[in-house]
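Some notes on the structure that comes next.
Read the figures in this text as sums done on the coordinates, not as results from a lab. Model, not experiment: these values are computed from the prediction. With ideal geometry, Cβ positions are generated from the backbone for all residues, glycine too; neighbour counts draw on all protein chains shown.
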Amino acid sequence: MPIQLTSQAYCKMLLHAAKYPNCAVNGLLVAEKTKDRKKDSEPVLCVDCLPLFHGTLALAPMLEVALTLVTPCLRSLSHLSCRPNQVAEKVAARISENFSDAAIVMIDNSRLTMSCFEPIVIIYDHHENKWKSRDVTLDSFEDWSEAQKITSALLEGRSYENLIDFDNHLDDLRNDWTNPMINKSVLDLC
Amino acid sequence: MASVSEMYDVGWEEMRDKLRKWREDNRRNSEQIVEVGEELISEHASKLGDDIWIIYEQVMIAALDCSRDDLALTCLQELRKQFPDSHRVKRLAGMRLEALERYEEANKHYDAILQDDPTNTAARKRKIAILKAQGKSTEAIRELNEYLEQFVGDQEAWHELSELYINEHDYGKAAFCLEELMMTNPHNHLYCEQYAEVKYTQGGLENMELSRKYFAQALRLNNRNMRALFGLYMSASHIASSPKVSAKVKKDNIKYAAWAATQINRAYKLAGRGTKETKYSVKAVEEMLESMQITMS
């Protein structure tokens with residue numbers, strides 16, 4: 001099941017990683033609910049990223065809260081920023097319970113730069129009980145040059161300082177983890 | 001490019017005080033520390049008096065976090081000139097090598113310190129940090145356990161060990177570490193809440209009940225801890241929907257969950273007052289609570 005990332009989804013993933021350089025981070029990528037896809041080979045478009053946690057990723061209760069809050073309205077996949085370890089696989093398995101497919105998208109931290117000259121994500125699909133990585137091409141993006149331009153601009157402008165993840169939301173409920181301001185910045189740059 | 005003092009309209013004293021506050025709060029906002037500290041050091045060094053040495057140390061560590069080796073080296077050199085035989089400065093030199101991923105050399109540095117002073121806890125902890133950075137979790141855990149046998153009161157170390165165990169999914173041992181922390185810090189709501197999260201993750205009815213009790217305890221210590229509130233709701237709901245519990249236990253837990261749900265809704269409404277955006281969250285939470293009620297009954 002091929003997936004495609006919009007600029008907003010890719011950008012927010014990277015901003016989350018950039019905000020917490022000394023922690024592992026994770027989050028959810030959300031795709032639009034499609035009534036029916038004509039063929040299985042049509043890519044699923046991930047339109048947004050909901051950053052979840054930074055620091056300790058392996059504890060269940062808050063993750064369950066986040067997934068339950070998000071589940072009713074969206075079809076989702078997941079992303080994390082270290083090797084797909086047990087946590088990533090457990091989250092993906094939980095997502096698979098409610099949705100037909102789950103994938104893991106990971107950021108390769110070592111290639112994170114301000115200019116974002118190349119896509120630095122790795123996509124893993126579930127085949128026969130194992131997670132296998134797949135080649136990422138420019139087709140994995142709705143519009144790579146736009147994604148690159150926007151992400152680079154927001155990284156340089158340090159927009160990640162204003163990114164809110166679910167952890168920040170739990171610290172102060174007024175923090176909005178849908179990040180409307182950053183979404184607006186992305187739209188403005190499109 | 002505008003200086004910090006220009007952009008925020010602050011004088012050097014405020015910058016110095018800000019750095020002190022960040023030191024006292026043990027904050028890792030390295031980009032900000034580098035920005036403020038670099039300007040303070042380059043423009044106002046003479047005014048800082050003896051404060052300058054601790055500021056050099058603080059800025060150096062922040063510079064390492066931001067890959068500013070140039071700045072880190074400058075700070076290190078000043079400190080070396082002033083304190084040529086200091087173990088504290090040697091440790092900073094070791095940290096710089098760690099940042100450059102020259103782990104062998106860094107280890108040699110720390111071993112030299114420990115030869116001179118076997119009780120130097122900072123050097124021992126840096127060696128464990130290197131194991132962690134290299135992904136050698138098992139060794140890091142082993143070394144940290146040995147360290148704690150000697151330095152049983154080191155809370156930072158207990159907490160670090162609990163995190164290492166959590167990452168290895170060894171929740172039982174993580175819980176043990178948190179129990180140590182709760183014993184010595186009975187009023188710390190964060191330790192209670194983390195302990196409850198670990199118990200919840202371990203799963204099973206007994207752990208779920210313990211989890212609920214500790215979420216409740218965390219709330220008693222701090223009634224604004226949202227994680228504890230959500231945790232109380234989730235754990236009570238899970239217990240209530242378990243087929244293994246008696247009717248009374250089920251009824252009690254439904255009550256606890258209902259109470260938590262009301263508090264959660266209230267907290268969201270309070271937060272949402274005046275802002276359009278959080279209406280999404282309020283609605284989402286209401287829906288979540290409703291859907292869980294259905295599965296419980």
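Between segment B:43-120 and segment B:164-234, what's the alpha-carbon centroid distance in Å?
That distance is 37 Å.
Peptides A:48-54, A:61-67, A:112-118: what's the order by average Cβ count within 10 Å, highest mean first?
A:48-54, A:61-67, A:112-118
Whole-Hz ³J(HN,Hα) for each residue in segment A:166-176, computed from phi via Karplus 6.51 cos²θ - 1.76 cosθ + 1.60 with θ = phi - 60°, x for glycine and proline: what do you get?
Once rounded to whole Hz, the list reads 5, 4, 4, 5, 5, 6, 8, 4, 6, 6, 9.
Given Cα pairs under 8 Å that are at least 6 residues apart, what percent is the relative contact order of chain B?
Reported relative contact order: 7 percent.
Take peptide A:169-175, look around each residue's Cβ out to 10 angstrom, count Cβ atoms belonging to other protein chains, and average those counts.
That average works out to 6.
Against the longest principal axis of chain B, how steep is helix B:279-296, in degrees 0 to 90 to the nearest 10, with axes from Cα atoms?
Roughly 50 degrees between the two axes.
Considering the dipole of the protein assembly as shown built from charges on the beta carbon (Lys and Arg +1, Asp and Glu -1) around the Cα centre, which of B:263, B:194, A:126 is farthest to its positive end?
Most positive-ward Cα: B:263.
Taking the Cα centre of segment B:154-220 as origin, sum charge times position over the Cβ atoms of Lys and Arg (+1) and Asp and Glu (-1), and report the length of that vector in debye to the nearest 20.
400 debye
Taking beta carbons within 10 Å but only from partner chains, what does the mean come to for residues A:63-69?
Mean partner-chain Cβ count within 10 Å for A:63-69: 5.
Using alpha carbons only, how many degrees (0 to 90, rounded to 10) separate the axis of helix B:69-82 from the longest principal axis of chain B?
Roughly 60 degrees between the two axes.
Ignoring everything except DSSP H segments at least 4 long, calculate the 222 nm mean residue ellipticity for chain B; use -39,500 (n - 2.57) per segment, divide by total residues, nearest 500.
The helix-only estimate for chain B comes to -25500 deg cm²/dmol at 222 nm.
What is the angle, in °, between the Cα long axis of helix B:137-150 and the longest principal axis of the Cα atoms in chain B? Nearest 10 is fine, range 0 to 90.
Helix B:137-150 sits roughly 80 degrees off the main axis of chain B.
Charges at C-beta only: +1 for Lys and Arg, -1 for Asp and Glu. How large is the resulting dipole of chain B about its Cα centre, in Debye rounded to 20?
Around 1700 debye, computed over chain B.
Where the only charges are on Cβ atoms (+1 Lys, Arg; -1 Asp, Glu), what is the dipole of segment B:1-121 about its Cα centre, to the nearest 20 debye?
That gives a dipole near 300 debye.
In nm, to one decimal, how far is the residue B:138 label point from the residue B:81 one, both placed 7 Å along Cα→Cβ?
4.9 nm
Which percent of Cα pairs goes in each bin when the distances of segment B:170-269 are cut into 5 angstrom slices starting at zero?
Pairs per bin, as whole percents: 2, 15, 24, 23, 18, 11, 6, 0.
Assign one of three labels to chain B, namely rounded, prolate or oblate, based on the Cα gyration tensor with a ≥ b ≥ c the square roots of its eigenvalues; rounded applies when a/c is under 1.5, prolate when it is not and a/b is larger than b/c, and oblate otherwise.
Oblate, since a/c reaches 1.5 and b/c is not below a/b.
If you add up the charges near residue B:260, with Lys and Arg at +1 and Asp and Glu at -1, over every other residue whose beta carbon is less than 11 angstrom from its beta carbon, what do you get?
My count for the surroundings of residue B:260 gives +3.
Restricting to the protein assembly as shown, compute how many DSSP beta bridges are antiparallel as a %, nearest 5.
If we restrict to bridges inside the protein assembly as shown, about 75 percent are antiparallel.
State the answer as a single residue: which of B:159, B:95, B:72 lies farthest towards the positive end of the charge dipole of segment B:43-182, with beta carbon charges of +1 for Lys and Arg and -1 for Asp and Glu, about the Cα centre.
B:72
Bin width 20 Å, alpha-carbon pairs only: give the P(r) of the protein assembly as shown as whole percents, running from 0 to the bin holding the largest distance.
Percent of Cα pairs in each bin: 20, 52, 26, 1.
Give me the net charge for the shell around residue B:20: Cβ to Cβ below 15 angstrom, other residues only, Lys and Arg +1, Asp and Glu -1.
Taking every other residue near residue B:20 into account, the sum is -2.
Can you give me the long-range amide H partners of residue A:31? Hydrogens built in the peptide plane at 1.01 Å from N, cutoff under 5 Å, separation of 5 or more residues or another chain.
Distant-sequence amide H within range of residue A:31: A:47, A:75, A:76, A:77.
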